[in-house]
Amino acid sequence: MKEPRTIVFFINPPNSNDLDTDAVLKSNDIVVSKGVQHTDWANFPHLGILSLASYIDASPGFEGHYIDGVIHPLDNIIAVIRKRTSSTLAVCLSAITANYEAAIQIARAVRNLDPEIAIIFGNDHFTALSREILTRHRDLIDCGFVGNEVYAGLFDYLKDRQQSQDNGIYPSSVRFESERIVADPTLQEAVNRIIDYNLIDRTLPHTAVYTENFTRRLGKRIQSLTGRRVRKGVPIEIGRGCIKFSGDDACSFCSIQYGSMWKNELPANHAWAAIHKACGCRI
Ligand code: B12
């Protein structure tokens, strides 16, 4: 019997305008975003795919791989998948409008590499336009998930794909089944607390670039504004407020932001430590 495939890639595709322009035009897609709307924002890890990769990696029978295409060129991303083709179960693409065409290009390359690898989409662009995207790319995208509460559905879908099935109920999924689009309802989920910051550098190195960019673009500015030296960062969504759950990490939202790697390196007089003192959590 064949060994079951275990590897699941979680990819933040590069911003579409960073691809070779000719290739983008040749792919004959409608270009939904313009170069001028993008920046190279490789200052922080991509928390969405890190969180999903960590969750899946911690599940028995799966290996989660994190890749940020804002740092690594498309060819390198495909080469990494090519090297592991026969063990790769799925490639999960995190699509916002800025990187949607790049996501489609990665999906096409993976499909050409091995049609058995499941192509899964998620994040805002898919959430907003799931039916349109699936109708246009029904032969390319096996399944997509809408919204944030996608962990249980994604796990169930991957588990079934591992056993060559895909006709169960997968909360938050949208996909083609028997010639029609099926959307399974979302189930309320607790915040995922499994975050493995080691995954950031396990498949390809990312931290050095994040740190270098952070220092150059933000560190100096923070120092001139606050007098504090900050070497690394992860974004905090302050618009959402601080969700204060009790527990070891005190603040579950911040625990997403400050996993061991970043947290241990945060000096007590760090600018964000001050922010968090104000919000009352014990980082
Ligand atoms: C932090 C942040 C950043 C950070 C980090 C980005 C990153 N790569 O993680 C920085 C500052 C670097 C950044 C940069 C940019 N950002 Co920004 N960013 C945010 C912000 C504030 C929070 C995102 C976040 O971390 N959420 C927490 C994590 C855990 O959730 P998540 O990433 O959404 O992932 C969840 C789901 O979406 C889903 N999911 C995600 N990916 C996948 C993939 C699969 C297969 C599945 C199944 C599910 C899934 O599951 C996750 C768990 O629940 C959002 C606004 C918001 N409140 O959401 C804007 C936002 C995502 N950014 C946006 C934009 C436009 C950009 C830039 C293009 C800006 C620019 N002009 O350059 C760049 C793009 C950089 C890039 N290509 O990665 C827009 C996207 C609009 C759109 N839908 O197209 C948003 C929505 C802000 C806005 N309203 O305009 N951003």
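The values are calculated or read from the model by the stated rules, or taken from the named source; none is laboratory data. Since we're looking at a predicted model, the values are computed, not measured. Cβ coordinates were reconstructed from backbone atoms using ideal geometry, including for glycine residues, and neighbour counts include every protein chain displayed.
The residues listed here are 152, 95, 109; of these, the one that is over 14 Å from residue 10 (Cα atoms) and in contact with a helix residue (DSSP H, G or I) (Cβ under 6 Å, 6 or more places away or on another chain) is 109. Of all residues in segment 131-146, how many are in a loop (DSSP other than H, G, I, E, B) and surrounded by 15 or more Cβ atoms within 10 Å (Cβ to Cβ)? Residues in segment 131-146 being in a loop (DSSP other than H, G, I, E, B) and surrounded by 15 or more Cβ atoms within 10 Å (Cβ to Cβ): 5 in total. Criterion first (of a type outside the set (Lys, Arg) and in a helix (DSSP H, G or I)) does residue 211 satisfy it? Here the answer is yes, as residue 211 does meet what is asked. Under the condition of being in a helix (DSSP H, G or I) and not basic (Lys, Arg), the residues counted in segment 92-123 number 15. Within segment 11-46, work out how many residues are more than 17 Å from residue 104 (Cβ to Cβ) and at pLDDT 90 or above. Looking only at that region, the number is 2. Being polar (S, T, N, Q), within 20 Å of residue 79 (Cα to Cα) and within 21 Å of the chain's Cα centre (by Cα) is the requirement here; does residue 148 meet it? For residue 148, the condition - polar (S, T, N, Q), within 20 Å of residue 79 (Cα to Cα) and within 21 Å of the chain's Cα centre (by Cα) - is not met. One residue stands out among those in segment 96-130 that are within 8 Å of the ligand (Cβ to nearest atom) and of a type in the set (A, V, I, L, M, F, W, C): the one that is surrounded by the fewest Cβ atoms within 10 Å (Cβ to Cβ), which is 128. Of 62, 44, all but one fail to be within 7 Å of the ligand (Cβ to nearest atom), in the same structural domain as residue 12 (by TED's automatic domain parsing) and at negative phi; the exception is 44. For segment 56-71, a residue qualifies if it is polar (S, T, N, Q) and either under 18 Å from residue 212 (Cα atoms) or crowded, with 21+ Cβ neighbours inside 10 Å (or both), but none of them does.
Among the listed residues 93, 50, 134, 74, identify the single one that is farther than 20 Å from residue 164 by Cβ, modelled with pLDDT under 95 and within 14 Å of the ligand (Cβ to nearest atom).
On the way: 93 fails: modelled with pLDDT under 95; 50 fails: modelled with pLDDT under 95; 134 fails: modelled with pLDDT under 95.
Exactly one of 93, 50, 134, 74 is farther than 20 Å from residue 164 by Cβ, modelled with pLDDT under 95 and within 14 Å of the ligand (Cβ to nearest atom), namely 74.
Hey, can you tell me all the residues within segment 133-166 that are among the polar types (S, T, N, Q) and either touching an Asp or Glu at 6+ places or on another chain (Cβ under 6 Å) or touching a residue at least 60 places away in the same chain (Cβ under 8 Å) (or both)? Give the derivation first.
Going residue by residue through segment 133-166, those that are among the polar types (S, T, N, Q) are 135, 148, 162-165.
Passing the criteria: 162, 163.
In the set (1) farther than 24 Å from residue 43 by Cα; (2) in contact with an Asp or Glu (Cβ under 8 Å, 6 or more places away or on another chain), residue 82 fails one condition alone, (2).
In the set 189, 179, which member is more than 14 Å from the ligand (Cβ to nearest atom), of a type in the set (Asp, Glu), surrounded by fewer than 18 Cβ atoms within 10 Å (Cβ to Cβ) and over 16 Å from the mean Cα position of the chain (by Cα)? Only one candidate qualifies: 179. Any residue that is modelled with pLDDT of 95 or more, within 15 Å of the chain's Cα centre (by Cα) and closer than 24 Å to residue 78 by Cβ - is there at least one of those in segment 151-165? Scanning segment 151-165 turns up at least one residue that is modelled with pLDDT of 95 or more, within 15 Å of the chain's Cα centre (by Cα) and closer than 24 Å to residue 78 by Cβ.
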